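Peer 1: Here it is, the structure in full.
The values are calculated or read from the model by the stated rules, or taken from the named source; none is laboratory data. The structure presented is a predicted model; accordingly, all values stated were derived computationally and were not measured. Every residue, glycine as well, gets a Cβ built from its backbone with ideal geometry; the counts of neighbours run over all protein chains shown.
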Amino acid sequence: MRLLVTTTAVCFALMLALHGQQDDLATAPRISLKDFNHLKKTGKTVILDVRSLDSYKAAHIPGAISMPLSDLQQRWKELPRNKSIITYCG
């Protein structure tokens with residue numbers, strides 16, 4: 001799995017990706033598994049699974065929120081503004 005960390009701005013990058021502007025998503029920072037585990041322990045992050053609901057149900061990172069990429073444009077306001085967001089996909 002690839003991990004992507006950023007603030008709420010990731011929602012806008014993902015929405016751009018929905019509209020065919022993949023370059024913004026391609027330049028988002030990646031983190032290592034070690035950094036991911038550290039960030040997860042701080043409680044200052046939200047883990048966002050942007051895969052399909054079926055993929056989420058099959059297996060996901062404990063504590064991850066399911067918000068498929070296809071739903072992101074309608075649901076991004078559900079995300080907290082005071083935490084960093086770590087997204088992942090298959």
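Peer 1: Exactly one of (1) surrounded by 12 or more Cβ atoms within 10 Å (Cβ to Cβ); (2) part of a helix (DSSP H, G or I); (3) at pLDDT below 90; (4) under 14 Å from the mean Cα position of the chain (by Cα) is unmet by residue 5. Its number?
Peer 2: (2)
Peer 1: Evaluate the following for residue 39: is it outside any loop (DSSP other than H, G, I, E, B), of a type outside the set (Lys, Arg), at pLDDT 85 or above and closer than 13 Å to residue 88 by Cβ?
Peer 2: Values: outside any loop (DSSP other than H, G, I, E, B): yes; of a type outside the set (Lys, Arg): yes; at pLDDT 85 or above: yes; closer than 13 Å to residue 88 by Cβ: yes.
Considered against the rule, which asks whether it is outside any loop (DSSP other than H, G, I, E, B), of a type outside the set (Lys, Arg), at pLDDT 85 or above and closer than 13 Å to residue 88 by Cβ, residue 39 comes out as yes.
Peer 1: I'm told residue 34 meets every condition in (1) more than 16 Å from residue 69 (Cα to Cα); (2) under 10 Å from the mean Cα position of the chain (by Cα); (3) modelled with pLDDT of 50 or more except one. Can you identify the failing condition by its number?
Peer 2: All conditions pass for residue 34, except number (2).
Peer 1: Separate question: Hey, can you tell me all the residues within segment 49-68 that are buried (at least 17 other Cβ atoms within 10 Å of the Cβ) and closer than 12 Å to residue 90 by Cα?
Peer 2: 49, 50, 51, 56
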